[in-house]
Amino acid sequence: MNSAPFGIAWDSNSGSVIAEIGDMPMPLGAPQPAPATWSWRAGGWTKLDGANTPAVMGGAVAAFPPKQQVIMFGGCCGVSGRYNTAKAGMWMWDGTSWTELHPAHMPPACWGEAMAYDPAISRTVMYGGMTMEPDHPPLNDMWAWDGSDWSALPVPAPDMVYPATQFAYGPNGRLVLTTTTDPSGSTSTWTFDGATWTKLEVSTPDCFFCALSFDPLRNVTVMVTNPIGTPGAADQVWTWDGIQWSERS
């Protein structure tokens with residue numbers, strides 16, 4: 001892959017990890033790579049030709065295990081006048097290709113949102129994102145996918161300052177989120193128990209360019225991060241054990 005993936009999820013249909021790329025070019029300033037779908041299996045990445053990859057970038061990808069689904073929501077870029085805007089739409093991966101879905105209810109178009117399955121409420125939860133409209137603040141809303149439709153969650157959520165937000169299952173049975181809620185750019189750790197957000201008073205690694213995923217074998221949430229934003233580099237690994245972050249590399 002020559003670009004950073006904006007979404008990655010386990011696909012039980014194909015028995016592989018599915019990654020969607022099309023975010024920012026690597027290195028910065030290089031031509032924008034075309035959106036593409038990749039599969040990780042047996043220790044190697046394979047680009048999946050004929051995957052009908054949607055022409056979006058910067059959205060979110062997550063699994064919905066009860067129905068063995070992998071879904072993708074939103075991204076960019078539509079154009080309105082002189083401005084780029086978020087691009088509406090959602091798609092489902094069936095193991096070989098993406099199909100656009102048209103549920104009865106949809107969250108607003110956004111990019112830079114976070115999405116993960118929450119066993120506490122048996123839903124895939126989506127938080128935040130940007131519309132890319134001029135002077136429009138982050139959405140800071142929450143939605144839940146039940147396998148066939150979206151519903152809004154009336155839960156006060158953290159105020160996102162920048163779309164530098166990552167979401168994953170945590171070792172204490174709660175979703176763990178790292179986000180920038182401070183204009184200074186500092187990162188904080190939050191947990192969600194299915195009903196309430198809690199900000200934790202813990203030191204949090206810089207997570208502007210990062211990814212989170214739960215490791216069930218070690219019962220930790222793993223963060224791979226590039227805190228200084230160096231193109232093509234992911235130079236730190238941290239783990240969250242439900243109490244604190246620990247650097248592993």
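Quick check on Ala120: is it touching a Ser or Thr at 6+ places or on another chain (Cβ under 9 Å), modelled with pLDDT under 90, surrounded by fewer than 23 Cβ atoms within 10 Å (Cβ to Cβ) and among the hydrophobic types (A, V, I, L, M, F, W, C)?
Here the answer is no, as Ala120 does not meet what is asked.
Would you check if Ala168 is in a strand (DSSP E or B) and modelled with pLDDT under 85?
Taking the combined requirement at face value, the residue does not satisfy it.
Filter the range 181-205 down to the residues that are closer than 22 Å to Arg248 by Cα and modelled with pLDDT under 80 and list them by number.
Ser186
Just to be sure before I move on: is Ala233 more than 18 Å from the chain's Cα centre (by Cα), within 22 Å of Ile8 (Cα to Cα) and modelled with pLDDT under 85 in the structure I sent? Lay out the reasoning, then the answer.
Working: more than 18 Å from the chain's Cα centre (by Cα): yes; within 22 Å of Ile8 (Cα to Cα): yes; modelled with pLDDT under 85: yes.
So Ala233 fits the description; yes.
Gln32 fails exactly one of the following numbered conditions: (1) in a loop (DSSP other than H, G, I, E, B); (2) modelled with pLDDT of 75 or more. What is the number of that condition?
So Gln32 meets the others, but not (2).
Based on what the data block shows, is Ala211 surrounded by 17 or more Cβ atoms within 10 Å (Cβ to Cβ), modelled with pLDDT under 85, under 22 Å from Phe64 (Cα atoms) and assigned by TED's automatic domain parsing to the domain that holds Gln236? Even if it seems obvious, please write down each step before you answer.
Working: surrounded by 17 or more Cβ atoms within 10 Å (Cβ to Cβ): yes; modelled with pLDDT under 85: yes; under 22 Å from Phe64 (Cα atoms): yes; assigned by TED's automatic domain parsing to the domain that holds Gln236: yes.
Spelling it out, Ala211 is indeed surrounded by 17 or more Cβ atoms within 10 Å (Cβ to Cβ), modelled with pLDDT under 85, under 22 Å from Phe64 (Cα atoms) and assigned by TED's automatic domain parsing to the domain that holds Gln236.
Looking at the structure I just gave you, is Val155 modelled with pLDDT under 80, of a type in the set (A, V, I, L, M), part of a loop (DSSP other than H, G, I, E, B) and at negative phi?
When the stated conditions are applied, Val155 does not pass them.
Within the range 123-138, count every residue that is under 21 Å from Val56 (Cβ atoms) and at pLDDT 80 or above.
Adding up the residues that qualify gives 8.
The values are calculated or read from the model by the stated rules, or taken from the named source; none is laboratory data. The model shown is predicted, which means the values in this text are computed figures rather than measured ones. Reconstructed Cβ throughout: ideal geometry from the backbone, glycine too, with neighbour counts over all protein chains shown.
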